[in-house]
1. Which of (1) within 15 Å of Phe164 (Cα to Cα); (2) at pLDDT below 95; (3) not aliphatic (A, V, I, L, M) does Gly212 not meet, given it meets every other one?
2. Just to verify a result, which residue in segment 212-229, among those that are surrounded by fewer than 16 Cβ atoms within 10 Å (Cβ to Cβ) and more than 23 Å from the chain's Cα centre (by Cα), is nearest to Asp240 (Cα to Cα)?
3. For segment 136-183, how many residues meet the condition of being touching a Lys or Arg at 6+ places or on another chain (Cβ under 8 Å), assigned to a loop (DSSP other than H, G, I, E, B), without any contact (Cβ under 8 Å) to a residue 24 or more places away in the chain and aliphatic (A, V, I, L, M)?
4. Quick check on segment 49-70. Is at least one of its residues at pLDDT below 95 and either out of contact with any Gly (no Cβ under 6 Å at 6 or more places or on another chain) or of a type outside the set (Ser, Thr, Tyr) (or both)?
5. Given (1) hydrophobic (A, V, I, L, M, F, W, C); (2) within 17 Å of Cys197 (Cβ to Cβ); (3) crowded, with 24+ Cβ neighbours inside 10 Å, where does Ile129 come up short, assuming only one miss?
6. Can you find even one residue in segment 77-90 that is out of contact with any His (no Cβ under 7 Å at 6 or more places or on another chain), over 26 Å from Arg26 (Cα atoms) and buried (at least 17 other Cβ atoms within 10 Å of the Cβ)?
7. Look at Ile181 and say whether it is surrounded by fewer than 15 Cβ atoms within 10 Å (Cβ to Cβ), hydrophobic (A, V, I, L, M, F, W, C), at pLDDT 90 or above and in contact with an Asp or Glu (Cβ under 9 Å, 6 or more places away or on another chain).
Amino acid sequence: MATWSLMGLQLFYHQKQISNMKFNNRNVYIDPTVVIGNNVKIGDNTIIYPNVIIGDNTTICNDCVIGEPSSLYYKDELNYINPPTIIGSDSLIRSHCIIYSGSVFGEGLITGHRATVREKAKFGKNCLISTLVDVQGNCEVGDYSRLYSNVHIGEKTKIGKYVFIFPYTVFTNDPLPPSDILLGATVGDYSIITVHCSILPGVTIGQNCLIGANSVVSRDILDYSFAIGSPAKIKLDIRDIPSKQNPDEKYYPWPNHFKRGMPWENSDFEKWTKENTYD
């Protein structure tokens, strides 16, 4: 009995340590101009710079920097004004993330660890930014889009809604490196870019596209295309790709078969589309 009592005390103490190990208000700096909603948690060693707005029920874990000033601050510290940074409600920002000033995120943002988002990026609601993702400035990412680990998004890239970008994909933006020309790529709604792809400057990938692994996309890809290779070439219409589970059934467009984390998760996609625009 004594042994069990000791183990119980140790377990209780261990659980208490876990519950408090991230949110002890240790070494936290929050500028007086910051607006913080209800039920917000901020982890130890986190810095929140001026003009940040944090929505309700948001958790920012330890060692994060929110509202990091742009390079203009270091050129004129006295006159620099930090642009507003907005973190939507119900967001989770994991440890060691850096979000630069002027960036805006809709509700339900989830990040991995050590993600970086540069200045003036705009994200829709319920986006995922996984571990070690690097998003450069002036990018746009639509609702429910997912950037998986080690993805690099070059400046001025535009990514639509419900887009999946898998690990180690790189979006470039300089057609004549090194130069001052910035041509961001564009990705249409519901498209999927698989692992280790390179998307070259100014390319447009249409809606409902599938880009195969290790592809180099150097020219525009039409809607509903499956493209693969270096350079990537259109092989077929994705609506002709059969399901692995049922070869007699077509798998794409994928929203007809995948629901997890999507707004139609508790409904039928066809029913959901009656109230939403979808082509």
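The values are calculated or read from the model by the stated rules, or taken from the named source; none is laboratory data. Source: prediction; values computed, not measured. Note that we place each Cβ from the backbone using ideal geometry, even for glycine, and neighbour counts take in every protein chain shown.
1. Failed condition: (2).
2. Only one residue fits best here, namely Leu222.
3. Within segment 136-183, residues that are touching a Lys or Arg at 6+ places or on another chain (Cβ under 8 Å), assigned to a loop (DSSP other than H, G, I, E, B), without any contact (Cβ under 8 Å) to a residue 24 or more places away in the chain and aliphatic (A, V, I, L, M) number 0.
4. yes
5. Checking Ile129 against (1) hydrophobic (A, V, I, L, M, F, W, C); (2) within 17 Å of Cys197 (Cβ to Cβ); (3) crowded, with 24+ Cβ neighbours inside 10 Å, the one that fails is (2).
6. Step one: list which residues in segment 77-90 are out of contact with any His (no Cβ under 7 Å at 6 or more places or on another chain), which gives 77-90.
Remaining after also requiring over 26 Å from Arg26 (Cα atoms): 77-81, 83.
After this cut, where a residue has to be buried (at least 17 other Cβ atoms within 10 Å of the Cβ) as well, the list is 83.
Yes; the residues of segment 77-90 include at least one that is out of contact with any His (no Cβ under 7 Å at 6 or more places or on another chain), over 26 Å from Arg26 (Cα atoms) and buried (at least 17 other Cβ atoms within 10 Å of the Cβ).
7. On the way: surrounded by fewer than 15 Cβ atoms within 10 Å (Cβ to Cβ): yes; hydrophobic (A, V, I, L, M, F, W, C): yes; at pLDDT 90 or above: yes; in contact with an Asp or Glu (Cβ under 9 Å, 6 or more places away or on another chain): yes.
Answer is yes for this residue.
Yes/no per residue for (1) β-branched (Val, Ile, Thr); (2) free of Cβ contacts under 8 Å to residues at least 40 places away in the same chain:
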{"position": "Leu210", "(1), (2)": "no, no"}
{"position": "Ile221", "(1), (2)": "yes, yes"}
{"position": "Phe226", "(1), (2)": "no, yes"}
{"position": "Pro231", "(1), (2)": "no, yes"}
{"position": "Glu249", "(1), (2)": "no, yes"}
{"position": "Pro253", "(1), (2)": "no, no"}
{"position": "Glu270", "(1), (2)": "no, yes"}
